[in-house]
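Down below is the structure, laid out as structure tokens.
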Amino acid sequence: MRAPQNNIPASTDAIVQVRGLSKIYAGGFQALKNIHLDIRRGEIFALLGPNGAGKTTLISVICGMATPTEGSVIADGFDIVRDYRLARATIGLVPQELHTDAFETVWATVNFSRGLFGKAPDPAYIEKILRDLSLWDKKDNKIMTLSGGMKRRVLIAKALSHEPKILFLDEPSAGVDVELRHEMWRLVRELRDAGTTIILTTHYIEEAEDMADRIGVIRKGELIVVEDKVTLMRQLGQKQLALTLQHALGAVPAGLSRWPLALSADGLTLTYSFDAQKDDTGIAELLAALGAQGIGFKDLRSSESSLEDIFVSLVHENKEVAA
């Protein structure tokens, strides 16, 4: 077993340790660039990034489905290259694509997946999985006859069949209905509460905001931020105060230049962005300055940045945050 590289100590509670990971494809495209990441035992970790950022490549390497060009991955103490079978046995993967054994029944394909990892037959456990995923009444159906949402459930059942300690969900909500999405997240929470570590990628950022303990953002193959969700939103989130004016302005007066104000196109709304964590938000002084300028307002509303706002700023505004 290889030790973590670059003399970066492993977190004592890390179940996945990624050190100096890079992936360059045969054509020369570099999909991953020097990734360092610890995923904590028993957490839900959300990996966010735009299409082509490297999310699926990173998951593929950690799961042993792609060979890294450089670096190492340790999964529950096993090197994913050197100890492939032992490492892979700790991991369950729900891929984006709906690849299933079309002519097999639901029961047969889930039971077979368990056997592939050397697990003894356990009909009671397979039944529990199928019931949890509302698949029990479909257990004797051939997979080719199922809807797309049902096939997605089968993929989840296959990933859970060998009782993995680490579960990867790669865009699990893609193409599924709202009912399945809610059922799936209920199951994810139950798995986390039972000790399973969950790593997910999703385009539904509100789900990451609701579900995740920590957030990682990847852009152009580089991990640009890894942070506790609450800390990330506190550090990078802002609050906005929107003031509806009594009379339209043509421009923000020079006397208000010390405040970061945005004027709406119709000139009737001034929006002030501020850091709610500071002792002095500047709101009182702004309101006094508006009065001194003779600018009246008839309504004010406050709002707070969402995780989606933070994600967009990180990915599209080149805001660099140390991972």
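Across the stretch 167-184, the number of residues qualifying as surrounded by fewer than 19 Cβ atoms within 10 Å (Cβ to Cβ) and either in a helix (DSSP H, G or I) or at pLDDT 85 or above (or both) comes to 5. Taking the stretch 66-85, which residues are closer than 22 Å to Leu169 by Cβ and over 20 Å from the mean Cα position of the chain (by Cα)? Across the stretch 66-85, the qualifying residues are Ala66, Pro68, Ile74, Asp76, Phe78, Ile80, Tyr84. Can Leu167 be described as under 22 Å from Arg114 (Cα atoms) and within 15 Å of the chain's Cα centre (by Cα)? It is true that Leu167 is under 22 Å from Arg114 (Cα atoms) and within 15 Å of the chain's Cα centre (by Cα). Scanning the stretch 162-216 for residues that are in contact with a helix residue (DSSP H, G or I) (Cβ under 6 Å, 6 or more places away or on another chain), of a type in the set (A, V, I, L, M, F, W, C) and farther than 18 Å from Gly42 by Cβ yields Val176, Leu180, Ile205.
Residue count for the stretch 119-137 under the criterion of being assigned to a loop (DSSP other than H, G, I, E, B) and in contact (Cβ under 8 Å) with a residue 40 or more places away in the chain: the result is 3.
Scan the stretch 268-283 and give yes if some residue there is surrounded by 12 or more Cβ atoms within 10 Å (Cβ to Cβ), among the polar types (S, T, N, Q) and modelled with pLDDT under 80, otherwise no. Yes.
Within the stretch 138-158, the set of residues being under 27 Å from the mean Cα position of the chain (by Cα) and part of a helix (DSSP H, G or I) comprises Gly148, Gly149, Met150, Lys151, Arg152, Arg153, Val154, Leu155, Ile156, Ala157, Lys158. When the residues of the stretch 119-156 are filtered to those that are β-branched (Val, Ile, Thr) and touching a helix residue (DSSP H, G or I) at 6+ places or on another chain (Cβ under 8 Å), the one that is modelled with the highest pLDDT is Ile126. Of the strands (runs of 3 or more DSSP E) lying entirely inside the stretch 188-267, those containing at least 2 residues that are basic (Lys, Arg), surrounded by 17 or more Cβ atoms within 10 Å (Cβ to Cβ) and assigned by TED's automatic domain parsing to the domain that holds Phe29 are 214-219.
The values are calculated or read from the model by the stated rules, or taken from the named source; none is laboratory data. Since we're looking at a predicted model, the values are computed, not measured. Note: ideal-geometry Cβ built from the backbone for every residue, glycine included; neighbour counts use all protein chains shown.
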